[in-house]
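Right, one structure below, let's go through it.
The values are calculated or read from the model by the stated rules, or taken from the named source; none is laboratory data. These figures come from a predicted structure and were not determined experimentally. Every residue, glycine among them, receives a Cβ derived from its backbone with ideal geometry; neighbour counts consider all protein chains shown. Surface accessibility is based on the protein's heavy atoms, side chains included, excluding ligands, DNA and RNA. Shrake-Rupley method; radii C 1.70, N 1.55, O 1.52, S 1.80 Å.
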Amino acid sequence: MQEQTVTSLDRRRFLRLAATAGATLLAGGAIAGCSAESTEPRGGTPNAASDQSGDSTAATSPEANAPASPKTLVAVFSWSGHTLQVAERIHELVESDLFRIEPAEPYTSDYNAVLDVAQREQDDDYRPALAASVENWDDYGTVYLGFPVWWYHVPQIIKTFVTEHDLAGKNVVVFGTSGGSSIAGTVPDIEALCPNVTISGNITLDGDTVSSQLDRVDAWLGDLGLR
Ligand SMILES: Cc1cc2nc3c(=O)[nH]c(=O)nc-3n(C[C@H](O)[C@H](O)[C@H](O)COP(=O)(O)O)c2cc1C
């Protein structure tokens, strides 16, 4: 697994949270192929984290990636509602369906406790069951996939989601919120599970100030050529 640097901004902002929780930073994990089962042991160093400022990409021309199906889905996991705000903004701006990715067994609403739960899930490469699956998944050509950064990675439920919903052949765009880490650092988690996926862009917004930054989403969608 590629080792990446944690910026000083991340350290200041996120370690403060972690210190409050008495939690330790987690090692990132080697991930098995595009399947619901993980066969490799976990290990290594935390995955990417980078400054959020100007953190958005439109890496691949959407035309080059043109999906066969015109329907668009915004699928989001959001524990405390920040990333949901971004999802709702995209849903407002782009003709789309909105799907909440939720665990069958809800997470605790206690912040310190969920830090520990998320850390344990990563340690064990545990895949929480989904409360529901997307109906008519094959109808969607473009998928906006959103989630918060959890311990420098995708929340484990996103791994469940992408192993149960085949992203191959779809135009996939990733968005998220965090306390300083970049969502770009989580993209390898998705690519490792689904080697055939093409992710055409990503954006990270600061969780605490998300409501005042939503106009960045408008500009980003414009850059992607998706609105
Ligand atoms: C379990 C957990 C792990 C987190 N890990 C990180 C992290 O690695 N880097 C970071 O910048 N923020 C981290 N955060 C902060 C969240 O990414 C941030 O608050 C986000 O906006 C929450 O989005 P949500 O309201 O959609 O759940 C973490 C928060 C939680 C609860």
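Applying the criterion of being open to solvent by 50 Å² or more (accessible area, probe 1.4 Å) and without any contact (Cβ under 8 Å) to a residue 12 or more places away in the chain to the residues of the range 72-104, the residue that is farthest from Asp223 (Cα to Cα) is Glu88. Please determine, by comparing only the residues of the range 184-193 that are among the hydrophobic types (A, V, I, L, M, F, W, C) and over 16 Å from Leu73 (Cβ atoms), which one is surrounded by the most Cβ atoms within 10 Å (Cβ to Cβ). For the range 184-193, the residue satisfying everything is Ala184.
Considering the range 148-183, and only residues there that are closer than 14 Å to Leu73 by Cβ and within 16 Å of the ligand (Cβ to nearest atom), the residue that is surrounded by the fewest Cβ atoms within 10 Å (Cβ to Cβ) turns out to be Val174. When Pro128 is tested against (1) open to solvent by less than 20 Å² (accessible area, probe 1.4 Å); (2) without any contact (Cβ under 8 Å) to a residue 24 or more places away in the chain, only condition (2) is not met. A single entry from Ala132, Ala192, Ala184 fulfils the requirement of being among the aliphatic types (A, V, I, L, M) and assigned to a loop (DSSP other than H, G, I, E, B): Ala132. If you go through the range 184-219 and pick out every residue that is within 19 Å of Tyr140 (Cα to Cα) and near the ligand (Cβ under 9 Å from one of its atoms), you end up with 0. For the range 83-105, the tally of residues that are touching a strand residue (DSSP E or B) at 6+ places or on another chain (Cβ under 9 Å) and either within 17 Å of Gln156 (Cα to Cα) or assigned to a strand (DSSP E or B) (or both) stands at 9. Does Tyr107 satisfy being more than 16 Å from Phe77 (Cβ to Cβ) and either surrounded by 15 or more Cβ atoms within 10 Å (Cβ to Cβ) or touching a residue at least 12 places away in the same chain (Cβ under 8 Å) (or both)? Taking the combined requirement at face value, the residue does not satisfy it.
Only one of the numbered conditions (1) assigned to a helix (DSSP H, G or I); (2) more than 10 Å from the ligand (Cβ to nearest atom); (3) modelled with pLDDT of 95 or more is not met by Gly222, and that is (3).
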